[in-house]
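Below is one structure, written out as structure tokens; comments come after it.
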Amino acid sequence: MGFTAKAQVYKAAIQETVLGAGEKALTLGGARTQPLCAFDEAWKNAPAVGVEVSDIPFETAGLPALAAWYEGCGSFGDRVKKAAEMEGAKFICLHFEGADPGGENKSVEEIVALAKEAAAATDLPLVIAGCKNVEKDQALFSAVSDALPDRNPLFLSAREEDYKTIGAACAMANGHKVGAESAVDINLAKQLNVLMTQLGVPAAGIVMNLGSAAAGYGFEYVASTMDRVKAAALEQNDTMLQMPVITPVALETWSVKESIMSEADMPEWGSQEERAIEMEIVTASACLTSGSDAVILRHPESVKTIAAMIAALA
Amino acid sequence: MGLFDVVFHGSDEMYALAETAVKETLEKIGEDAPVAFGSTAYYLACIKAYTGLEVTNMAQLRDALTPIRAMMTRNRRTADIFHSGIATVMAAEVIEACKYAVNPLPYGENENPNDNKYHGHMTDAEVRELGVPLVTRDIPGFVVLIDEAPTDEQAVALIKGYQSRGIFVFLLGGIIDQAMRKGVKMGFPVRVVPVGPDIIGVSHIISLVVRAAFIFGNIQPNDYVNMNRYTMDRIFAFVNAFSPVSDMTVACGAGAIAEGFPVITNEVKDMDWRVPKSLVINTDVDTWIDCSLEARGIKLKVTNIDVPVAVSSAFEGEIIRKGDMQLEADGSRKDCLELVRTKDVREIEDHKITLVGKDIDEFGVGEKICMATIVEVGGAKMQPDFEPVMERKIHSFVNCLEGIMHTGQRDLIRIRVSKAAFEAGFRMKHFGELLYAKIKNEYEAVVDKCQVTIYTEPEKVHELRIEANKIYDARDDRVSKLSDESVDVFYTCILCQSFSPSHVCIVTPERLGLCGAVSWMDAKATNQLDPNGPCQIVPKERVVDEEIGIWEDVNEAVQTYSHGALEQVSLYSIMQDPMTSCGCFECICGIEPFSNGVVIVNREHTGVTPVGMTFSELASMTGGGVQTPGFMGHGRHFIPSKKFMKAEGGLQRIVWMPKALKESVAEKLNANAKELYGIENFTDMIADETIVEGDPEALVAFLTEKGHPALGLEPMM
Amino acid sequence: MALKGLDIFKLSPKTNCKDCGCPTCMAFSMKVARGAMTLDKCPHMSPESLAKLSSATEPPMKTISIGEHKLGGETVMLRHEKTLVNRNLYGAFLCANMPDEEIDKRIAESMAVDYERIGERMIVEVLYVNAPAEQSPERCAEVAKKAAETGRDLVIEAADEERAKAALASAGAAAKVLAGANAANWEVFNALATAKKLVLGVKAANLSEAHDIIEKLEAAGNKNLIVDVTGGSIKEAFANAMQLRRAALKDGDRSFGYPSIVNTARLARGDRHMQAALASLFTLRYGSIVVLDSMSYAEALPLYGLRQNIFTDPQKPMKVEPGVYPLNGADENSPCCVTVDFALTYFVVSGELERSGVPINMFITDAGGYSVLTSWAAGKFSAGSIEKFFKDFDIDSKYKNKTLILPGKVAVLKGELEARLPGWNIVVGTTEAIQLVRFLRDFKS
């Protein structure tokens, strides 16, 4: 008697949030189906792939293809420009690792100058990631927010400790977007969204960073949190969990053993670069399958592959 | 003159000055000359905010006078005072605009206004710089100090007092000279800003206020109601005005009150119109800080805990051995107690720490002492029901001190102070400092003031203990009298969702959380203290069946907080949609079909039950947030409740419990069984592991011999 | 919906005869409801009861055995709803069309992947052998033989009866699945598979046709099936996999209650990176046998890690074996550090320690598989448990450096440890793993 598939389309939808400005502006969210299920209903907006560029040039020993991609880039702006040329890149993530007071400790002024340089180098939407130091991130996000008034960037991330300052300085004062970061727990994620909106940040200005992990490193928590958040958003119409999800995959996968052990140390594992790429690809694919609306990647091969997979599923 | 006349007169005066200023400036620079304060996107912000006009030249400035005048209504109602007050501030802005139109640096040569005597206009960047911490409440508020304080010393004391509390300070008029004479450092970076030489400069401060509302609140121009609502709700400002107060200042003060900013003054003349918390007459200038903060409802965070040892949760499990001990307060041997009491806020001196009796250094090493800690708290939202919740937290607060060990609660506490802590300088008052800081911070929502008294004098402690026991008894009595019928709401608890994603506890007075740690009272307090937290209110208005314990509201809550995994629960049934179990339940009850009853087993009991399963076997099929009819996790205190499986006939269904568990609930269980069924010593009829373990037939034989009521009841399935 | 224990109990004999091994009928019923026992363990069930129960206790998705491995048997769509029970298998794709060098290369590469991770052996479980019409039956048999020699389980897809027979014959006991049953050949293939007790793989033009074939096979008495959902495109494959599982678990369509095969090699067309992306997608969403061209460490490391994560029971923590793990070439003269056996803690901490490059001995103690603070709070990670570890592994006599680094979060244990481990210098380390690299480098200098 055959089989007729039932399209599973929900009444509720993931909230739409716009990043960036002008022709290259990017809309995240809008889906009324389970993640990636374009066969149930065509996408309003496809999930997006962004490229991570750090103010500290990437370590490229053992990574010839990555080194070749950025070869000849003298400045941060050059690297941003080059990153934007990757096939499938829809936005750029400026990762200011160098601001870390425990590391290079670049001043807020230096970071602002770099952010302006990056903004001049590309018209793709910008996502600003900090150095994970709460005090420093607050200061640098506020300053970068004021320095890029017309670019509508997304700031990663506001946490329970600093959401007030970042929400006020970035989202409320300048109308930019803020990533609400929680550590793989649906209730904490929701609570942070509630607190941010109570502060006065419009819900449409919030994107969620639900936490991330490389494949094999506790990814079950990431997957289950995303599964639950999407279910609550779509089945329960929970408006405080309908924000689109962004996952900074590269910030996790490039520091695990599989990606950093040299081929000399682990000859049986083979090419270090292949390992790093596959780790990034597998993790990114798993994030999108679980419900990320955007992923941040580092390697041009990963960016190309994940963008192609999204296109093939559309 | 009454206050109405003073306001009207002051506002007329300001308007006249504005008219004159416009006339003279027009003569000087003509009507096409530009008008701007510089570095702002909001034109003349006060005028834009309250009229919608965007003034860019002298002609427009002149035209703006008309709507300003029109706002100065004179009907002798409160609204007239407020409108005139706002209009007075706009008139002041007109005067300031004229100054800037003639000379872009009217307050000095320096480009950086912080280097000039008066700061004048503030840029949008400065509004943001101040606005962000005002929104986040890192700066709890700001004060505008107007004119000369009675003495230079008082001026400095107020400025420094506010500064030390993190309050941003704006100065207008004579107090600026007082501060300069005393060498007070001023400028935006040190959060003390001398704005201008007279009250006219107030327009710069209100300009900052309305721009903050534009920027952070997305308030639209010419929206009087929403602008004032925003400033009232979100901008924690207030005014201190010194006598003699000019009529123009009073008129501007009316504008401040319209925006929700209270005015505190020592002027008594013509102040016949009083509004509590809005216009406060207080002639004792030295008490203005507390008085002002209370009027504006500003609560300060305690950031430093003044103790000589570290405070961290890492020390919570620290054990102090006898040999390392400086002294000990042991409630099982000496009189000791801890008590939190609610008191009228006016009778509490915030942060007062008192010691009655000897201090640590006055006792001998290793001595066992008497000790009573009385914490008194007050606040508009404080309720006596929160007392036990806070009191129980004393344990974890004190335990976080390095070198201090704390166990127990009420009059059964034990505290040890280590030699190392003593040598680091730890004394009795530091208990007070710690409790003050922790309670103020943790219970910010309800505690406005807190004081701590520590008693070590044996007779006094003995008296206190007798008194405290009466209070403890009264509390227990109140808790035991609470019933599901006597309250209007239940609460959710979803603390366990990190382990058990779809589990939701519904906490009622008679059915505490299944972990046994969250009573209805705890859930209520948790909800009030953290309205977005794990305990949410569940109304119980729409009854479906009160016998079985079904409410539509409860079902909706379960659906919402299980994120759709559960549809409905019956609070008083284990057969029909029983409540789910997370994994941390104290006890499990399960149906025993041969006796028509249920067995209950607690986590500590490892033996097999007559159902043929142990606690952990039962737990493995009951946990995880799924409904398993016939089996249910619950708290120990639910067992003797009249609501315990009421739908299936209640307590008389209990046929087996481990002996230790049976004994711990015997008193109440027997009392309720007597009341409900007229059975004496019901627990004697309930089997335990000394009588039968994994054998249902032996169980039935025992029950038959005892005449257990369950045997005669209808089968449960 | 799965049956509740009480429903089963009502139909049980209620005699507590213990013949099933359980002390009571209630205990037995609860175990059956949970899937821990099967109904046939009770010899006294009445025929009426059995009839009533067997259809109701039949799971929505059948559990199919592939050699030692089990597939399917899932009751929920997502792991948080309860747990996923049977992890997917990975396979490498061999086709008789390929030149021998290519086949040898694929086998060699895939066989090289063989390692252990948290107590689980990571290998390519399955070789997928395609026997297409354009190759002779002899050639197909030859390739099948080569594959069989690896000792791994084989899926054999054949174009027709002749090739199926040839390949199966030469594969012998290694053959576990006969794939390629379609609308035209299902009867013949069914006979072949049933005779050899093989799982039969259904491959149809679309899901509707697959449903028809399965209905016919079930009517013929075969419920030992697996469904190839690959289809013609990535989008189609994903839609098929999702819809098959939804139909089985949400709509109770028993004819779709079977595991699936996804051949990413056919979908990615030689793009190995795309293949890895798809393997990840189908690991999460309902591929039961996920086939790749071949498996190298580059793909295996992330994919097996992902699979291990996703198929853990949400209520049971993953544990690593307690013991001494020397890192960066550490020996008896290197400093030591101690932490818990929670798998995530182990991976994160060992990763950072390795990144530091400093030789160090990592002590993993038995802490019940919980994180540092959780196990400490539960009393499973304490000065006493560390002391016991020292005794069990004879640490004191084996290690000469006598420096022990303690996780910063349990700094409070320092004093007691100093008392219990005389001669050892107890150093409080960092509170977060991420700070370890700098800590160790500073510590060394």
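The values are calculated or read from the model by the stated rules, or taken from the named source; none is laboratory data. Predicted model only: the values in this text are computed from it and were never measured. Neighbour counts are summed over all protein chains in view; Cβ atoms, including those assigned to glycine, are modelled from backbone coordinates with ideal geometry.
Given the conditions (1) of a type in the set (S, T, N, Q); (2) over 30 Å from residue B:503 (Cβ atoms); (3) within 14 Å of chain B (Cβ to nearest Cβ), which single one is not true for residue C:12?
Tallying (1) of a type in the set (S, T, N, Q); (2) over 30 Å from residue B:503 (Cβ atoms); (3) within 14 Å of chain B (Cβ to nearest Cβ), residue C:12 fails exactly one: (2).
Given B:701, B:673, B:687, which one is under 25 Å from residue B:605 (Cα atoms), in the same structural domain as residue B:612 (by TED's automatic domain parsing) and surrounded by fewer than 21 Cβ atoms within 10 Å (Cβ to Cβ)?
B:701
Going by the conditions given, is residue B:568 of a type in the set (S, T, N, Q), away from chain C (no Cβ under 13 Å) and either farther than 22 Å from residue B:652 by Cβ or in contact (Cβ under 8 Å) with a residue 12 or more places away in the chain (or both)?
Yes.
Are any of the residues in region B:597-609 surrounded by 21 or more Cβ atoms within 10 Å (Cβ to Cβ), assigned by TED's automatic domain parsing to the domain that holds residue B:512 and either without any contact (Cβ under 8 Å) to a residue 12 or more places away in the chain or in a loop (DSSP other than H, G, I, E, B) (or both)?
Filtering region B:597-609 down to residues surrounded by 21 or more Cβ atoms within 10 Å (Cβ to Cβ) leaves B:597-601, B:609.
With assigned by TED's automatic domain parsing to the domain that holds residue B:512 added as a condition, the list becomes B:597-601, B:609.
From what's left, either without any contact (Cβ under 8 Å) to a residue 12 or more places away in the chain or in a loop (DSSP other than H, G, I, E, B) (or both): B:609.
Within region B:597-609 (the criterion being surrounded by 21 or more Cβ atoms within 10 Å (Cβ to Cβ), assigned by TED's automatic domain parsing to the domain that holds residue B:512 and either without any contact (Cβ under 8 Å) to a residue 12 or more places away in the chain or in a loop (DSSP other than H, G, I, E, B) (or both)), the answer is yes, since at least one residue qualifies.
Can you go through B:370, B:336 and tell me which one is in contact with a Cys (Cβ under 9 Å, 6 or more places away or on another chain) and within 30 Å of residue C:377 (Cβ to Cβ)? Even if it seems obvious, please write down each step before you answer.
Numbers: B:370 fails: within 30 Å of residue C:377 (Cβ to Cβ).
From the options B:370, B:336, the qualifying one is B:336.
Do the conditions hold for residue B:616, that is, is it free of Cβ contacts under 8 Å to residues at least 12 places away in the same chain and over 27 Å from residue A:236 (Cα atoms)?
Working: free of Cβ contacts under 8 Å to residues at least 12 places away in the same chain: yes; over 27 Å from residue A:236 (Cα atoms): yes.
Yes; evaluated as a whole, the condition is true for this residue.
State yes or no: is residue B:149 in the same structural domain as residue B:125 (by TED's automatic domain parsing) and either under 24 Å from residue B:291 (Cβ atoms) or assigned to a loop (DSSP other than H, G, I, E, B) (or both)?
yes
Would you call residue A:301 facing chain C (nearest Cβ under 8 Å), modelled with pLDDT of 90 or more and out of contact with any Pro (no Cβ under 8 Å at 6 or more places or on another chain)?
yes
For region B:428-511, which fully contained strands (runs of 3 or more DSSP E) count at least 1 residues that are aromatic (Phe, Trp, Tyr)?
Of the strands (runs of 3 or more DSSP E) lying wholly inside region B:428-511, those with at least 1 residues that are aromatic (Phe, Trp, Tyr) span B:449-455, B:489-493.
Which one is surrounded by the most Cβ atoms within 10 Å (Cβ to Cβ), of the residues in region B:48-67 that are of a type in the set (Val, Ile, Thr) and more than 14 Å from residue B:101 (Cβ to Cβ)?
If we take residues in region B:48-67 being of a type in the set (Val, Ile, Thr) and more than 14 Å from residue B:101 (Cβ to Cβ), then B:51 is surrounded by the most Cβ atoms within 10 Å (Cβ to Cβ).
Tally the residues that are facing another protein chain (nearest Cβ under 8 Å) and either among the aliphatic types (A, V, I, L, M) or under 19 Å from residue A:90 (Cβ atoms) (or both), restricting the search to region A:268-287.
Within region A:268-287, the first condition is being facing another protein chain (nearest Cβ under 8 Å), and the residues that meet it are A:268-271, A:274-275, A:277-279, A:281-286.
If we keep only those that are either among the aliphatic types (A, V, I, L, M) or under 19 Å from residue A:90 (Cβ atoms) (or both) as well, we get A:277, A:279, A:281-286.
Of the residues in that region, 8 qualify.
When region C:268-292 is examined, which residues are found to be crowded, with 24+ Cβ neighbours inside 10 Å, more than 12 Å from residue C:89 (Cα to Cα) and more than 10 Å from chain A (Cβ to nearest Cβ)?
none
I'd like to check which strands (runs of 3 or more DSSP E) are fully inside region B:303-361 and have at least 2 residues that are farther than 13 Å from residue B:431 by Cβ and more than 14 Å from chain C (Cβ to nearest Cβ). Before you say what the answer is, go through the steps one by one.
Numbers: elements: B:325-330, B:336-342, B:353-356.
Ranges flagged: B:325-330, B:336-342.
Could you please find all residues in region B:552-565 being buried (at least 21 other Cβ atoms within 10 Å of the Cβ), assigned to a helix (DSSP H, G or I), within 14 Å of another protein chain (Cβ to nearest Cβ) and not hydroxyl-bearing (Ser, Thr, Tyr)?
Residues of region B:552-565 that are buried (at least 21 other Cβ atoms within 10 Å of the Cβ), as a first pass: B:554, B:557-558, B:561-563, B:565.
Those still in the list that are assigned to a helix (DSSP H, G or I) too: B:554, B:557-558, B:561.
Narrowing the set further to residues that are within 14 Å of another protein chain (Cβ to nearest Cβ) leaves B:557-558, B:561.
Once the filter is applied, which keeps residues that are buried (at least 21 other Cβ atoms within 10 Å of the Cβ), assigned to a helix (DSSP H, G or I), within 14 Å of another protein chain (Cβ to nearest Cβ) and not hydroxyl-bearing (Ser, Thr, Tyr), region B:552-565 yields B:557, B:558.
Looking at B:463, B:457 in this structure, which one is closer than 18 Å to residue B:354 by Cβ and without any contact (Cβ under 8 Å) to a residue 24 or more places away in the chain?
Only one candidate passes the filter, namely B:463.
Across region C:386-417, what is the total count of residues that are modelled with pLDDT of 90 or more, farther than 19 Å from residue C:332 by Cβ and surrounded by fewer than 20 Cβ atoms within 10 Å (Cβ to Cβ)?
Residues that pass the stated criteria total 2.
Please specify each residue of region A:1-48 satisfying the condition of being within 9 Å of another protein chain (Cβ to nearest Cβ) and either exposed (fewer than 15 other Cβ atoms within 10 Å of the Cβ) or within 14 Å of residue A:243 (Cβ to Cβ) (or both).
Across region A:1-48, the qualifying residues are A:1, A:2, A:4, A:6.
Need the failing condition index for residue C:114 against (1) within 14 Å of another protein chain (Cβ to nearest Cβ); (2) farther than 24 Å from residue C:269 by Cα; (3) surrounded by 15 or more Cβ atoms within 10 Å (Cβ to Cβ); (4) not aliphatic (A, V, I, L, M), just the number.
(3)
Would you point out the residue of region A:71-96, among those that are in a helix (DSSP H, G or I) and within 17 Å of the chain's Cα centre (by Cα), that is surrounded by the most Cβ atoms within 10 Å (Cβ to Cβ)?
Among those that are in a helix (DSSP H, G or I) and within 17 Å of the chain's Cα centre (by Cα), it is A:83.
It is to be established whether one or more residues within region A:175-189 are within 12 Å of chain B (Cβ to nearest Cβ), modelled with pLDDT under 90, over 21 Å from residue B:536 (Cβ atoms) and surrounded by 19 or more Cβ atoms within 10 Å (Cβ to Cβ).
There is at least one residue in region A:175-189 that is within 12 Å of chain B (Cβ to nearest Cβ), modelled with pLDDT under 90, over 21 Å from residue B:536 (Cβ atoms) and surrounded by 19 or more Cβ atoms within 10 Å (Cβ to Cβ).
Can you find, within region C:293-314, the residue that is farthest from residue A:224 (Cα to Cα) among those that are more than 8 Å from chain A (Cβ to nearest Cβ) and of a type in the set (Asp, Glu)?
C:293
Do we find a residue being within 9 Å of another protein chain (Cβ to nearest Cβ) and either surrounded by fewer than 21 Cβ atoms within 10 Å (Cβ to Cβ) or assigned to a helix (DSSP H, G or I) (or both) anywhere in region A:242-252?
Within region A:242-252, the first condition is being within 9 Å of another protein chain (Cβ to nearest Cβ), and the residues that meet it are none.
No, that holds for no residue.
Just for region C:54-107: of the residues that are in a helix (DSSP H, G or I) and at pLDDT 95 or above, which one is surrounded by the fewest Cβ atoms within 10 Å (Cβ to Cβ)?
By that ranking, first place goes to C:101.
With the requirement that a residue be away from every other protein chain (no Cβ under 11 Å) and exposed (fewer than 13 other Cβ atoms within 10 Å of the Cβ), what does region C:20-53 give you?
C:38, C:40, C:43, C:46, C:47, C:48, C:51
Filter region B:69-112 for residues that are at pLDDT 95 or above, among the small types (Gly, Ala, Ser) and touching a Gly at 6+ places or on another chain (Cβ under 9 Å) and give the result.
Across region B:69-112, the qualifying residues are B:84, B:85, B:87, B:92.
Determine which member of the set C:105, C:146 is within 14 Å of chain A (Cβ to nearest Cβ), under 26 Å from the mean Cα position of the chain (by Cα) and of a type outside the set (Val, Ile, Thr).
Criteria check complete, one pass: C:105.
Mind counting the residues in region B:610-665 that are within 12 Å of chain C (Cβ to nearest Cβ), under 17 Å from residue B:688 (Cβ atoms) and part of a helix (DSSP H, G or I)? Quick ask: steps written out before the conclusion?
In the first step, residues of region B:610-665 are kept if they are within 12 Å of chain C (Cβ to nearest Cβ); the result is B:610-614, B:617-631.
Next, from what is left, pick out any that are under 17 Å from residue B:688 (Cβ atoms): B:610-614, B:618.
Filter once more, so that each one left must be part of a helix (DSSP H, G or I): B:618.
So the count comes out to 1.
Would you say residue C:364 is over 15 Å from residue C:335 (Cβ atoms), in contact (Cβ under 8 Å) with a residue 24 or more places away in the chain and buried (at least 20 other Cβ atoms within 10 Å of the Cβ)?
yes
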